[in-house]
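> One structure, pasted below without further comment.
The values are calculated or read from the model by the stated rules, or taken from the named source; none is laboratory data. On a predicted model such as this, the values are computed, not experimentally measured, just so you know. No Cβ is skipped: glycine too gets one built from the backbone with ideal geometry, and neighbour counts run over all protein chains shown. Each accessible area value is taken on the protein alone, full model and side chains, heavy atoms only, with ligands, DNA and RNA left out. Shrake-Rupley method; radii C 1.70, N 1.55, O 1.52, S 1.80 Å.
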Amino acid sequence: MTPFFVGWSGRTVRPQLGFLVAVLVLVVVGFGVLAFALGVTVDDPGGGEFTGEKDITGVLIADPYPMIVTDKDQHTILLSGGGKRGVQEEARPLDGKQVRATGYGVKRGDRDLLLVTNLQPAPGDAVVPVRESLGTWRLTGEICDGKCSLGVMRPGTRPPHKACANVCLIGGVPPVFITTTPLFGTRYLLMGDVENHALPDAVRDYVAITSRMDGTLERIGDAIVFHTDVTHAVVP
């Protein structure tokens, strides 16, 4: 007799159990291998973290974006506000002065950012930060906001993060240029235009996209600032 399937009978499915189990195992293993293969092609989103409450003093530099160079070790810390906003309005009157800033720290690699809760003048004479010209460079990398990419969000980079990053930049959060290869020991460069001002609105067209840009590098404290004209950026 030729076997055939009867839906309500358990006996008719028994000869197919081995085949069905094999198919199920292959599907589970296959999707597991596919998930692993996709995962290893994505940059590790780790490395960025919240570092708790901070209280720092140093010289405030307002341009191209607010930062503090600490008195103790000339460590440069980016400044941002809560939510998706910068602190340019609060920082401008304190440019070049000794300040005290409190807030919540964010860190990735050698770069720190402070989510400012209070910013005010501090007693004492301002120590002029170390500044050094590092010449003209052609760099390849990705523009992102300096808040999410340093650890507020993970991974905080690449095209899926483009809209979020642009909202942060519109609000005044400092941008960073993440180079494809380390430069002077870091991949995270601060950014400004060729006249040391904030970047124009055109920057939003290149956010979260690997681009090639020409510009000059300047060391401020222990951070490097990339001064570039983003309107001349090239997408390889």
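> Pairs under 8 Å by beta carbon, first residue on the phi > 0 side of the Ramachandran plot in segment 199-214, partner of a type outside the set (Phe, Trp, Tyr) and open to solvent by less than 60 Å² (accessible area, probe 1.4 Å), six or more apart or different chains?
Taking only residues 6 or more apart or on different chains, the pairs are Ala208/Glu142; Ala208/Ile143; Ala208/Cys144; Ala208/Thr157; Ala208/His161; Ala208/Lys162; Ala208/Ala165.
> Restricting to segment 186-197, name every residue that is open to solvent by less than 70 Å² (accessible area, probe 1.4 Å) and over 11 Å from Asp229 (Cα atoms).
Thr186, Tyr188, Leu189, Leu190
> Going through Leu60, Leu38, Leu26 one at a time, which residue ends up being at pLDDT 90 or above and open to solvent by 90 Å² or more (accessible area, probe 1.4 Å)?
Numbers: Leu60 fails: open to solvent by 90 Å² or more (accessible area, probe 1.4 Å); Leu38 fails: at pLDDT 90 or above.
Result of the check over Leu60, Leu38, Leu26: Leu26.
> Of all residues in segment 182-210, how many are modelled with pLDDT under 95, of a type in the set (Gly, Ala, Ser) and in contact with a strand residue (DSSP E or B) (Cβ under 7 Å, 6 or more places away or on another chain)?
The number of residues fulfilling the criteria is 1.
> Give the number of residues within segment 186-222 that are under 16 Å from the mean Cα position of the chain (by Cα), assigned to a loop (DSSP other than H, G, I, E, B) and aliphatic (A, V, I, L, M).
2
> When you check Ile68 against the structure, is it open to solvent by less than 40 Å² (accessible area, probe 1.4 Å), free of Cβ contacts under 8 Å to residues at least 40 places away in the same chain and not in a loop (DSSP other than H, G, I, E, B), yes or no?
no
> Inspect segment 154-164 for any residue being in contact (Cβ under 8 Å) with a residue 60 or more places away in the chain, of a type in the set (D, E, K, R), more than 21 Å from Thr57 (Cβ to Cβ) and in contact with a strand residue (DSSP E or B) (Cβ under 6 Å, 6 or more places away or on another chain) and give the result as yes or no.
no
> For Phe177, all conditions in the list (1) open to solvent by 10 Å² or more (accessible area, probe 1.4 Å); (2) under 23 Å from Ala62 (Cα atoms); (3) hydrophobic (A, V, I, L, M, F, W, C) hold save one; what is the number of the exception?
(1)
> Shifting gears a bit: For segment 163-185: of the residues being more than 12 Å from the chain's Cα centre (by Cα) and among the hydrophobic types (A, V, I, L, M, F, W, C), which is nearest to Asp201 (Cα to Cα)?
Per the criteria, the residue is Ile170.
> So, one more: Could you tell me how many of the residues in segment 72-95 are open to solvent by 70 Å² or more (accessible area, probe 1.4 Å) and outside any loop (DSSP other than H, G, I, E, B)?
The number of residues fulfilling the criteria is 4.
> Looking only at segment 137-144, decide whether some residue is of a type in the set (D, E, K, R), touching a strand residue (DSSP E or B) at 6+ places or on another chain (Cβ under 8 Å) and surrounded by 22 or more Cβ atoms within 10 Å (Cβ to Cβ).
Looking through segment 137-144, at least one residue is of a type in the set (D, E, K, R), touching a strand residue (DSSP E or B) at 6+ places or on another chain (Cβ under 8 Å) and surrounded by 22 or more Cβ atoms within 10 Å (Cβ to Cβ).
> Report yes if Ser149 is modelled with pLDDT under 90, open to solvent by less than 30 Å² (accessible area, probe 1.4 Å) and of a type in the set (Ser, Thr, Tyr), otherwise no.
Spelling it out, Ser149 is indeed modelled with pLDDT under 90, open to solvent by less than 30 Å² (accessible area, probe 1.4 Å) and of a type in the set (Ser, Thr, Tyr).
> Anything in segment 165-181 that is β-branched (Val, Ile, Thr) and either in contact with a strand residue (DSSP E or B) (Cβ under 7 Å, 6 or more places away or on another chain) or in a helix (DSSP H, G or I) (or both)? List them, or say none.
Those that are β-branched (Val, Ile, Thr) and either in contact with a strand residue (DSSP E or B) (Cβ under 7 Å, 6 or more places away or on another chain) or in a helix (DSSP H, G or I) (or both): Val167, Ile170, Val173, Val176, Ile178, Thr179, Thr180.
> I'd like to know if segment 102-116 contains one or more residues that are β-branched (Val, Ile, Thr), surrounded by 22 or more Cβ atoms within 10 Å (Cβ to Cβ), touching a residue at least 40 places away in the same chain (Cβ under 8 Å) and under 20 Å from Asp222 (Cα atoms).
yes
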